[in-house]
1. Could you give me the residue pairs with C-beta distances under 7 Å whose first residue belongs to region 19-42 and is among the polar types (S, T, N, Q), whose second residue is open to solvent by 40 Å² or more (accessible area, probe 1.4 Å) wherever it lies, and which are 6+ apart or on separate chains?
2. Working only within region 303-322, note down all residues that are buried (at least 20 other Cβ atoms within 10 Å of the Cβ) and among the polar types (S, T, N, Q).
3. Could you grab me the full set of residues in region 49-74 that are of a type in the set (D, E, K, R) and open to solvent by less than 30 Å² (accessible area, probe 1.4 Å)?
4. When you check residue 280 against the structure, is it polar (S, T, N, Q), open to solvent by less than 20 Å² (accessible area, probe 1.4 Å), part of a helix (DSSP H, G or I) and over 30 Å from residue 36 (Cα atoms), yes or no?
5. Limited to region 143-189, what total is found for residues that are of a type in the set (Gly, Ala, Ser), open to solvent by 20 Å² or more (accessible area, probe 1.4 Å) and in contact with a Ser or Thr (Cβ under 8 Å, 6 or more places away or on another chain)?
6. I'd like the residue in region 75-103 that is of a type in the set (A, V, I, L, M) and open to solvent by less than 20 Å² (accessible area, probe 1.4 Å) and, out of all such residues, is farthest from residue 355 (Cα to Cα).
7. What is the residue count in region 128-142 for residues that are more than 19 Å from residue 236 (Cβ to Cβ) and either open to solvent by less than 10 Å² (accessible area, probe 1.4 Å) or of a type in the set (A, V, I, L, M) (or both)?
8. Considering only region 1-36, how many residues are polar (S, T, N, Q) and at pLDDT 85 or above?
Amino acid sequence: MQAPKKQNLRWFMLFMVFLATTINYLDRQVMGLLKPTLESEFGWDEKDYSYIVMAFTASYALGNLLMGRFIDKVGTKIGYAVSLVVWSIASMGHGLVKSTFGFLLARTALGISEAGNIPAAVKSVAEWFPKKERALATGLFNSGATIGAILAPILVPFILGHYGWQQTFVWIGAAGLLWMILWWRFYSKPEDNKKISSEELAYIKSDQDVEVKDQPAVSFKEIFKLKATWTFALGKMMTDPIWYFFMFWLPAYFADVFKMDLTKPSLPLILIYGGTTIGSIGGGYISGLFIKKGWTVNKARTTTMLLFALMVVPVMFSKYLDNMWMITLVIAIATASHQGWGANLMTAVSDKLPNSYVSSVIGFGGMMGSIAGIIFPLFIGIVLDYFKKQGDINSGYNIIFFIAGVSYISCWFLIKFINKQKSVQ
């Protein structure tokens, strides 16, 4: 069935999800860019900072589980709204704290509430898009992470330089409250929307099999029997910690190794995070193109993920590069590939499961990824502190880059192995 030409309401709904994801990543990126300032202000070392990152990832893990179930129970509109309002207030709260413990509390609140973004976003895509467009739609909304990461190195130094670190948190955190006006006014499920044409509604539902239409919410016991639950969780566990490293430590990496001034806009960071847009959208486009060529949905997703896993591998050889721009290029390819990988990993859940399962499975997998992310920042802090004392912090970063280089391709083979096994059902 061809897409309707006159009315494309689904793309407007996707635009709102894109904006929310942009705000989500803009809020969480502030901390990494303010790291040198806050270290000076509060006397933190690498371990102190890693504890704060761990507080975020631990609460994010719990938040994924709670918010995923909450969104499946109350629906996308209410669930997304609650998540975003709470995380906006938590983000603004960072500017009011006066101690390291205060940052731990603010970061915990931010982690729990921000965890609602991906489950709600993927559920929205499952509601508004047919399978053949879902990976592209997921890639498009997920590119909001890139835009947030691009805007952060531009906005944070400006606000920091003119108004201080407290106002940086407050101003950027307030953006989510403005988003609420747009979301609450316009979002609804397609079958409940009075402005959607019958042609577009038919197109959205065109490739949904009987077994993937909405069903009553199920227990976690039933969800745990699904192979899709565990392959998604494995994918998150092995690659989310790498993305946290790219998000939270790259600014410090360029400051430590190349003496970059983070109080000014950072071109390498803008290029790296800008490149993730290409990976995010490209990942969805490539698998969609394969489907249009007659490939099965599963083959299209799996092949695309393999391509992106291979493109991360070169980052493990960063120790052989001493030119900042060459390293920027290699890291940019790796971060872009993560986004392309993630777009297909998330979409595979809605490909295989009913819409009413999606947020719960996404939430559980996100929790498992965050649990892995709790341990990894501590490991990073220990490694970097050790090599910093040795006067060779670059070697510490090289160890982390090596782990990043092997994680995705190893994960791909493990997922392939699990999918070949007989179903647990």
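1. The qualifying pairs are 22/147.
2. Listed by number, the residues that qualify are 304, 318.
3. Kept after step one, since they are of a type in the set (D, E, K, R), are these residues of region 49-74: 69, 72-73.
Residue satisfying the conditions is 72 alone.
4. On the way: polar (S, T, N, Q): yes; open to solvent by less than 20 Å² (accessible area, probe 1.4 Å): yes; part of a helix (DSSP H, G or I): yes; over 30 Å from residue 36 (Cα atoms): no.
In short, no.
5. Number satisfying all stated conditions: 3.
6. First, pick out the residues of region 75-103 that are of a type in the set (A, V, I, L, M): 78, 81-82, 84-86, 89-90, 92, 96-97.
With open to solvent by less than 20 Å² (accessible area, probe 1.4 Å) added as a condition, the list becomes 81, 84, 90.
Numbers: 81: 19, 84: 21, 90: 29 Å.
Result: 90.
7. Here is the first cut: in region 128-142, the residues more than 19 Å from residue 236 (Cβ to Cβ) are 128-133, 136-137, 140.
Those left that are additionally either open to solvent by less than 10 Å² (accessible area, probe 1.4 Å) or of a type in the set (A, V, I, L, M) (or both): 128-130, 136-137, 140.
Counting residues in region 128-142 that are more than 19 Å from residue 236 (Cβ to Cβ) and either open to solvent by less than 10 Å² (accessible area, probe 1.4 Å) or of a type in the set (A, V, I, L, M) (or both) gives 6.
8. Start the filter on region 1-36 by keeping residues that are polar (S, T, N, Q), which leaves 2, 7-8, 21-22, 24, 29.
So of that shortlist, the ones also at pLDDT 85 or above come out as 21-22, 24.
Of the residues in that region, 3 qualify.
The values are calculated or read from the model by the stated rules, or taken from the named source; none is laboratory data. Here the structure is a predicted model, which is why all the values come from computation and not from measurement. Note: ideal-geometry Cβ built from the backbone for every residue, glycine included; neighbour counts use all protein chains shown. Each accessible area value is taken on the protein alone, full model and side chains, heavy atoms only, with ligands, DNA and RNA left out. Shrake-Rupley method; radii C 1.70, N 1.55, O 1.52, S 1.80 Å.
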